[in-house]
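Please read the structure below before turning to the comments.
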Amino acid sequence: MTSPWRLILDGPADGAWNMAVDAAILAARHRGASPPTLRLYGWDRPTVTLGRFQDVSDIDADIAAARGVGLARRPTGGRGVLHDDEVTYSIVASVRDGVPRGVTASYAYFGAGLIATFEALGLRAEVFGRYAGRRSASCFLQSSQADLSVAGAKLSGSAQVWSGDTVLQHGAIVLRRDIGLEAALFGLDDADTRALAERASSLDELLETVPAADCLRTMMVRGFAETLDIRLIEGEATRAETDSAVEYADRFTVDAHSPHSTSTRA
């Protein structure tokens, strides 16, 4: 077993703040100032996170404003994701902590924890390896080596950013999804909306009883601990990390009417 990892269990928060905290932990771990960390958290309102280099115009800003949907930019890559009724995770660790080098290997390494979580729910998940739909602003109409599916439907996507030998990986397990809202926000036509409904899934579509978020968190903690062979000790962000997050927050705040309003620096 490796050295202890920190477990942070956070409540719902603003999108830009969530991203700033993850970026602050990444910077601290890269410097060796913080331990490897698994963080589980939520959102204070439905929120779209845009990929690190994604154009803000991919989102219908008027619909987001009318529906009270928040906007933020991720430090990680990929396409847009609507976060709502889900448990979101971030993992920050380095090759010093046993993470294999390389995108493919590291995705597989962390993905084992998610697969174990789905197994605990009675679901068999596997890597989703085929293209779904046209190239879209929505993450769930894409597929990659970072995605997991159940019965051919994408259930969990992930995205990464590396800082030297240290990686931040984002992902989530969705309890329930709002296909109509997602389609409206990303401007999907009827064909892509149907494809999204067919090729993206959530726990409420696969299980007779959807676990409570706290129960799912417990399963995720156990899944990562067992598959990564780590000991997770509950803690919280340090004062230095929190101070850094305050400084970083503007970098991840999105003004939907100004495509150049946000920085993509981690």
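Laboratory data are not the source of any read-out in this text; all were calculated from the coordinates shown. This structure is a prediction, so every number in the text was calculated from the model and none was measured. Cβ: placed from backbone, ideal geometry, glycine included. Neighbour counts: every protein chain shown.
Between ILE233 and ALA213, full extension at 0.36 nm per residue minus the direct alpha carbon distance yields a gain of 5.2 nm.
Taken about its Cα centre, segment 148-266 carries a charge dipole of roughly 180 debye when the Cβ of each Lys and Arg holds +1 and the Cβ of each Asp and Glu holds -1. Computed over the chain, relative contact order equals 29 percent, with contacts defined as Cα pairs under 8 Å that lie 6+ residues apart. Give the residue from VAL48, ALA213, ILE115 lying farthest towards the positive end of the charge dipole for the chain; charges sit on Cβ (+1 for Lys and Arg, -1 for Asp and Glu) and the dipole is referred to the Cα centre. My answer, from the dipole projection, is ILE115. Classify the chain: rounded, prolate or oblate, from the alpha-carbon gyration tensor (a ≥ b ≥ c, eigenvalue square roots; a/c under 1.5 rounded; otherwise prolate if a/b is larger than b/c)? Note, shape of the chain comes out oblate. For the pair ALA105 and ALA197, label points projected 7 Å from Cα toward Cβ lie 4.4 nm apart.
Once fully extended, how much extra length lies between ILE63 and GLU126, figured as 0.36 nm per residue of separation less the alpha-carbon to alpha-carbon distance?
19.3 nm
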